[in-house]
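Structure first, then comments.
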Amino acid sequence: MDTTRNYTRCRNSIVALIVNLLTIFVVYNICRLAYILENYEYLAAHQSAQSLWQIFKGGYMFDRSAIVYTNSLYIVIMLFPLFWKETPIIHKIEKWIFVVVNSLAVVVNLCDAVYFPFTLRRTTTSVFSEFKNDNNLGSIFLQEFVNHWYLVILGILLIYALWRLYITPTTLAKNIKTRKQRLRYTLTYIVAMIITVPLAIGACRGGLGSGIRPITINNANQYVERPIDCAAVLNTPFALLRTIGKSVFVVPNYFASVEEAEQIFSPIQTPIANDNQTKKKKNIVILIVESFGREYIGALNTTLEGGKYKGYTPNVDRLIERSLTFEHSFCNGQKSIDGMPSVLSSIPMMVEPFVLTPASMNEYTSIAGLLSKEGYQTAFFHGANRGSMGFMAFANKVGFQNYYGRQDYAADPRFGGDKDFDGNWGIWDEPFLQYYCAKMTEMKEPFMTAVFTVSSHHPFVVPDKYKDVYKEEELPIHKCIRYTDMAIGKFFETASRQPWYKNTIFVLTSDHTNQSNHPEYSTDIGRFRSPIIIFDPSGDIEPARSTAIAQQIDIMPTLLNHIGYKKNYLAFGYDLINRPAEESYAINYLNGTYQYVKGNYIMQFDGQKAKAVYTLNDSLMKQNIIATMPKETREKMELETKAIIYQYMYRMVNDKLMYDK
């Protein structure tokens, strides 16, 4: 006879499910507390009560995701609208599924608490590759089992609690006799399923908002001040589940060592030896404009459509007249989450967005992180909800001191609040860029800021008051580009009246490209053509159209070298102002192929060898010249491509994305 029957029985499966899942939340938090205490010197010794609260608060989001993922079968069985499943045998099966699955979660969480000092991160699926050739794991596990006997006891107690406190439904099939009872049961559980499905999806993704992407381990950064504390926010089941199939970074065997690769390409940037260059405490402002591809800008396409093309950006066209731009400029990825690390940290996208992989937990910095240590105030602005797209987490990770989003805009009485919300992504660009300008005026110089706009994005709408101004054109995005261009023009108009304006370097680029109606911008390389515009009101950086090949990852080293930054740092990009234009390059990745641009060539490299080469003048990429180009040039480009890939993969895999690493 089941001695727990009196107090572990409940009226129906719906209530039982809710109570049992709440029990798991408690168990996960006990495991998190154990994890923190086991690694007290790493995770607890320097924590305030507020920071610990943030860790547990953030942990809730990752716990609910892991709990829903791992208990999905259990949830479906409990809510499936078939009355005949309400039998003792099915209830026992449900209990066993629940206890076994969540016992495994307890075990991996507690085991990971022991493993943490060796990795300083939550265990991901890469651990299986790391130890696949080791045959001594059994003895090591047994030793740690003995050394951490108290965690073993805790694990046993938690598993026993899962069994003992489990709530078993009492609604049995034999009690559902009439047709009316069966219909009521079926409708009740159908409604429960309808309600549960979107809630479960939201739990797995981290939310149900339109701007929410599925959360990854990198999102933990938005709840901590130190990267190491992300381990306390996360749970191990989540870290394992979210990295299944994500072991995308493998060091290729191109070179015998990283030192050999460094003879060809090194991402370590050293100060320029120029006695005449003095350190300039200039402000830096970077505008990352959503989907603002080079194609839309008339001033960068003077030969398009036989020289008749006007584009959609009259305000940016006027800005370009006073700016440094480039004959060929590229983005390094095709997603917003690629643009952030490329522009701000000089880390390109290869194979997968690295912020979605375990490598996101590596140590790396940004232009903001480096300049914060030089006395700069730094801030990142994004008109969407805090946490949207993982930008807040990334900004916190790479050293931005402050983050301002939709909620901060709404709280500022000088502006229109949530009535300026576009209903989809965030605050319309026009008011948010004015807010951005106002907040910079409140900052102490020198400062470094970046803003990510939202309006030129699907579903491609403009504010009601502009619907008769910016009407539908050839592509749905065109009216949004015109609107955002207007917003940029007003931003610079307001900025020009601020006391910090003359002492500021502005950079405008896009996160990626978008819709195209010109074949030149629909090719493999055309998809990556983004503007890079550097504007210095003081004239120190002279307006020009440079022959250097520019890419997003060049922005950070170009600016740091120009202001006279005197320390070594890591960046995969190239200084576009102070180094020879003929040495500049660009690299991006498209569906298994690396595209390497240098000189007058575009090489497509499949990871082992070049498979095609085109000239930059071949705008439609029609003529593959790999068979006719000079052999030494092709071999040199292949070797350089391999060196860049090797450096990238080596540093991702071995956590070497910082100069001092």
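In terms of its alpha-carbon gyration tensor, region 456-572 comes out oblate; a/c meets the 1.5 threshold, while b/c is at least as large as a/b.
So if each residue of separation counts as 0.36 nm, and I subtract the Cα-Cα distance between residue 183 and residue 472, what length gain in nm does that give?
Numbers: separation 289, 0.36 × 289 = 104.04 nm, distance 5.13 nm.
Extra length available between residue 183 and residue 472 comes to 98.9 nm.
Count the net charge of all other residues whose Cβ sits under 10 Å from the Cβ of residue 587, scoring Lys and Arg as +1 and Asp and Glu as -1. The partial results should precede the final answer.
Details: positive: 598; negative: 640.
Once all neighbours under 10 Å are counted, the net charge is 0.
Couplings for region 545-557, taken from phi via the Karplus curve 6.51 cos²θ - 1.76 cosθ + 1.60 with θ = phi - 60°, read 10, 7, 8, 5, 8, 10, 8, 4, 5, 7, 4, 5, x Hz in order; Gly and Pro are left as x.
Can you give the FRET efficiency to the nearest 0.05 for residue 544 and residue 458, using r as the Cβ-Cβ distance and R₀ = 30 Å?
Values: r = 35 Å, r/R0 = 1.17.
Between residue 544 and residue 458 the formula returns 0.30.
On a per residue basis, region 304-353 carries 32 Å² of accessible surface, using protein heavy atoms and a 1.4 Å probe. Our helix-only sum for the chain, with -39,500 (n - 2.57) per DSSP H run of n ≥ 4 divided by its residues, gives a mean residue ellipticity at 222 nm of -13000 deg cm²/dmol.
For residue 606, the solvent-accessible surface computed with a 1.4 Å probe is close to 60 Å², ligands and nucleic acids excluded. Where the alpha-carbon atoms of region 32-76 are placed on the principal axes, they occupy 42, 20, 10 Å, in descending order.
For the pair residue 266 and residue 97, label points projected 7 Å from Cα toward Cβ lie 5.8 nm apart. I'm spelling it out carefully: the read-out is mean projected area of the Cα convex hull in nm², the candidates are [x] 44.9; [y] 33.0; [z] 35.7, and one was derived from this structure. Which label? Read-out from the structure maps to [z].
Here the calculated FRET efficiency for residue 40 and residue 241, from their Cβ-Cβ distance with R0 = 25 Å, stands at 0.35, rounded to the nearest 0.05. The base-10 log of I(q)/I(0) for region 226-372, evaluated at q = 0.10, 0.12, 0.14, 0.22 Å⁻¹, reads -0.60, -0.83, -1.03, -1.46 [Debye formula, identical scatterers on Cα atoms, solvent excluded].
Among 611-618, 257-264, how do they line up by average Cβ neighbours within 10 Å per residue, starting with the highest?
Working: 611-618: 16.5, 257-264: 13.6.
Sorting 611-618, 257-264 by mean packing, highest first, produces 611-618, 257-264.
Protein heavy-atom accessible surface, 1.4 Å probe, per residue over region 465-552: 39 Å².
Multiplying the residue separation of residue 29 and residue 327 by 0.36 nm and removing their Cα-Cα distance gives an extension gain of 101.8 nm. Nonpolar atom fraction for the chain, defined as the carbon and sulfur part of the 1.4 Å probe accessible area, stands at 57 percent. Axis angle, to the nearest 10 degrees, between helix 179-205 and the longest C-alpha principal axis of the chain: 40 degrees. Averaged over residues, the count of other Cβ atoms within 10 Å places the peptides 468-475, 559-566, 193-200, 330-337 in the sequence 330-337, 559-566, 193-200, 468-475, highest first.
Using only the heavy atoms of the protein chains and a 1.4 Å probe, how would 318, 182, 406 rank by accessible area, largest first?
Working: 318 125, 182 100, 406 40 Å².
Heavy-atom accessible area, descending, gives 318, 182, 406.
Where a ≥ b ≥ c are the square roots of the eigenvalues of the C-alpha gyration tensor, would you call region 387-446 rounded, which needs a/c under 1.5, or, failing that, prolate if a/b is larger than b/c, or oblate? Here region 387-446 falls in the oblate category. Averaged over residues, the count of other Cβ atoms within 10 Å places the peptides 50-59, 410-419 in the sequence 50-59, 410-419, highest first. P(r) for region 492-535, from all Cα pairs and a bin width of 10 Å, is 24, 34, 21, 19, 2 %, short bins first. Helix 476-495 axis versus longest C-alpha principal axis of the chain: approximately 70°, rounded to the nearest ten.
Taking R0 as 30 Å, what's the FRET efficiency between residue 115 and residue 256 from their Cβ-Cβ distance, rounded to 0.05? All intermediate terms of the calculation are to be shown ahead of the outcome.
On the way: r = 31 Å, r/R0 = 1.03.
Here the calculated transfer efficiency is 0.45.
Relative to the longest principal Cα axis of the chain, at what angle does helix 49-70 sit, 0 to 90 degrees, rounded to 10? Approximately 70 degrees, to the nearest 10.
The values are calculated or read from the model by the stated rules, or taken from the named source; none is laboratory data. Because the structure is a prediction, the values reported are computed rather than measured. A quick note on method: Cβ atoms are made from the backbone with ideal geometry, for glycine too, and the neighbour counts reach across all protein chains shown. Ligands, DNA and RNA are excluded from the accessible area calculation, which covers all protein heavy atoms including side chains. Shrake-Rupley method; radii C 1.70, N 1.55, O 1.52, S 1.80 Å.
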